[in-house]
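What follows draws every value from the coordinates through simple rules; no lab data is involved. Predicted model, so just to flag it, every value in this text is computed and none were measured. We place every Cβ from the backbone using ideal geometry, glycine too, and count neighbours over all the protein chains shown.
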Number of protein chains: 2
Amino acid sequence: MQSDRGTPRSEPEWSEHPLAGTFTQTDTDAFRQLSGQSAKGVGVASTRHRGYDSAATVTDYLAVSFDPPTMLVSLDSLSQIAEAVQGSGRWGLSLLSSSQISVADQLSGSGRPLIGQLAQVPTFRREENGVPLIIGSLAWFELRTIAVHEAATHSLFIGEVTAMGSSAGPATRPLIRFRSAYTRL
Amino acid sequence: MQSDRGTPRSEPEWSEHPLAGTFTQTDTDAFRQLSGQSAKGVGVASTRHRGYDSAATVTDYLAVSFDPPTMLVSLDSLSQIAEAVQGSGRWGLSLLSSSQISVADQLSGSGRPLIGQLAQVPTFRREENGVPLIIGSLAWFELRTIAVHEAATHSLFIGEVTAMGSSAGPATRPLIRFRSAYTRL
């Protein structure tokens with residue numbers, strides 16, 4: 001036990017673990033592995049900009065405030081989805097269920113076509129030219145950007161929720177990313 | 001299927017679901033429930049400020065950049081942990097394993113004592129008066145704040161990783177929060 005004002009304790013050793021010990025900030029490979037130790041729900045960020053849909057599988061999002069309902073998504077600043085969200089100012093976030101691995105796969109990776117990304121994905125939208133949202137998602141959120149912050153390689157888009165709902169039954173389970181693989185509860 | 005440039009599609013109806021339909025941004029209760037549909041890994045944010053340890057269970061954190069390793073944690077701006085992290089400029093993030101529910105419980109809620117929060121939690125620190133980190137966590141990160149952004153009720157602390165490691169074996173499973181309950185994979 002560490003008492004609150006006690007003497008410092010040296011770091012324990014777990015020599016059997018490949019990630020045991022201490023890495024410095026230049027060990028980016030270690031960081032990839034260590035940050036992958038966090039289990040994350042899988043979602044889809046989406047938008048419609050200049051008449052085209054853009055969407056990408058994401059795990060780096062969060063609710064930052066309940067009142068007013070406010071969310072954040074972190075997108076690679078150089079990605080097509082970041083550019084489209086930046087230009088549109090409106091975006092969607094759909095939380096995928098465990099049965100939607102194929103959606104997550106289709107909207108991942110850099111080899112996707114720029115046009116027609118959602119052609120094979122069941123979507124709905126609340127209004128003409130509105131943001132596409134994924135049918136069957138545990139929850140969907142429609143947002144309007146209120147701030148963008150740059151953080152190293154990524155852009156943090158902060159949005160106020162303008163509409164939200166669910167399109168899945170209450171027994172639906174979430175799709176989860178853990179250690180670079182999809183899994184479920 | 002929704003074609004990329006196709007006509008708008010009206011929202012499907014899932015009338016059997018209590019969260020079916022569309023909620024507006026003033027429905028904060030619906031937002032709590034809908035954002036709880038995201039599965040999240042459970043962590044502990046911690047710091048040491050003016051000779052005292054502060055720590056809080058968190059689920060709203062993410063890695064925002066691999067190179068340089070950069071992370072973000074979202075903390076209620078009025079919370080004690082936010083004040084301490086703001087003052088210290090250095091903080092830790094420990095990713096809890098599924099066997100650490102008691103740690104998550106001890107560091108949750110507003111009824112905790114201001115002093116001695118970590119007295120019953122096994123911790124280590126890398127240097128005297130360094131940030132306390134949770135022994136047994138899947139991964140731990142030590143960070144230095146490089147930016148703070150306010151977002152509605154919360155403060156987004158962005159930190160560069162100064163050291164990191166793991167103190168759990170490779171078979172260790174993560175602790176997960178889903179629909180306001182702890183669970184595991």
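If we count other beta carbons within 10 Å of each Cβ, what is the order of B:TYR182, A:TYR61, fewest first?
With the sparsest Cβ surroundings first, the list reads B:TYR182, A:TYR61.
Is the C-alpha gyration tensor of the stretch A:41-184 telling us rounded, prolate or oblate? Criteria: a/c under 1.5 is rounded; beyond that, a/b larger than b/c is prolate, otherwise oblate.
Rounded.
Between A:ALA147 and A:PHE66, what is the label-point separation in nm under the 7 Å Cα-to-beta-carbon projection?
About 2.1 nm, to one decimal.
Before rounding to the nearest 500, sum -39500 (n - 2.57) across all DSSP H runs of length at least 4 in chain A and divide by the residue total; then give [θ] at 222 nm in deg cm²/dmol.
Estimated from H runs of four or more residues: -3500 deg cm²/dmol.
Using alpha-carbon pairs under 8 Å, 6+ residues apart, how would you state the relative contact order of the stretch B:39-179 in percent?
Across the stretch B:39-179, relative contact order equals 32 percent.
Could you work out, residue by residue across A:145-156, how many beta carbons of other chains sit within 10 Å of that residue's beta carbon, and then give the average as an integer?
Rounded to a whole number, the mean comes out at 5.
Hey, which residue of A has the C-beta nearest the axis mapping A onto B, and what's the distance in Å?
Here the nearest residue and distance are A:HIS149, 3.
List the residues, sorted by chain then number, that are 5 or more residues from B:GLN25 or on another chain and whose placed amide H is less than 5 Å from its amide H.
Close amide H contacts, sequence-distant or interchain: none at all.
Set the Förster radius R0 to 45 Å, insert the Cβ-Cβ distance between B:SER99 and A:GLU127 as r into 1/(1 + (r/R0)^6), and round the FRET efficiency to 0.05.
0.40
Using θ = phi - 60° and the Karplus form 6.51 cos²θ - 1.76 cosθ + 1.60, what ³J(HN,Hα) does each residue of the stretch A:67-79 get, whole Hz, x for Gly and Pro?
9, x, x, 9, 10, 9, 10, 9, 10, 3, 4, 8, 7
Label position 7 Å from Cα toward Cβ: report the copy-to-copy distances for B:GLU150 in nm, one decimal, ordered from shortest.
From this label point to the equivalent ones elsewhere in the assembly: 2.4 nm.
Work out from phi, with θ = phi - 60° and the Karplus expression 6.51 cos²θ - 1.76 cosθ + 1.60, the ³J(HN,Hα) of each residue of the stretch A:173-179, listed in order in whole Hz, and give x for Gly and Pro.
Karplus values, whole Hz, x for Gly and Pro: 9, x, 7, 10, 10, 8, 6.
Considering amide H positions built from the backbone, and no H for Pro or chain starts, which residues 5 or more places from A:GLY89, or on another chain, come under 5 Å of its amide H?
Counting only residues 5 or more places away or on other chains, the set is empty.
Between B:ARG184 and A:LEU114, what's the calculated FRET efficiency when r is the beta-carbon distance and R0 is 56 Å? Round to 0.05.
After rounding to 0.05, the efficiency reads 0.90.
Per-residue mean of other chain beta-carbon atoms within 10 angstrom of the beta-carbon, peptide A:138-144?
That works out to 4 on average.
Would you mind checking which residues have amide H under 5 Å from A:SER167's amide H? H placed 1.01 Å from N; only 5 or more apart, or other chain.
Amide H to amide H, under 5 Å and 5 or more residues apart or across chains, A:SER167 pairs with A:GLY136, A:SER137, A:ALA139, A:TRP140.
Tell me, what ³J(HN,Hα) does each residue in the stretch A:127-144 have, in order and in whole Hz, if you take phi through Karplus 6.51 cos²θ - 1.76 cosθ + 1.60 with θ = phi - 60° and put x for Gly and Pro?
Going residue by residue, I get 7, 4, 6, x, 6, x, 10, 8, 5, x, 6, 4, 7, 10, 9, 10, 10, 10 Hz, with x marking Gly and Pro.
Measuring label to label, 7 Å along Cα→Cβ, what does B:GLU83 give against each other copy in nm, shortest first?
In nanometres, ordered from closest: 4.7.
What is the pair-distance distribution P(r) of the protein assembly as shown, computed from all Cα-Cα distances in 10 Å bins starting at 0, with each bin given as a whole percent?
5, 25, 34, 23, 10, 2, 0
Report the semi-axes of the equivalent ellipsoid for the stretch A:68-114 in whole Å, largest first, where each axis is √(5λ) for an eigenvalue λ of the Cα gyration tensor.
20, 18, 8
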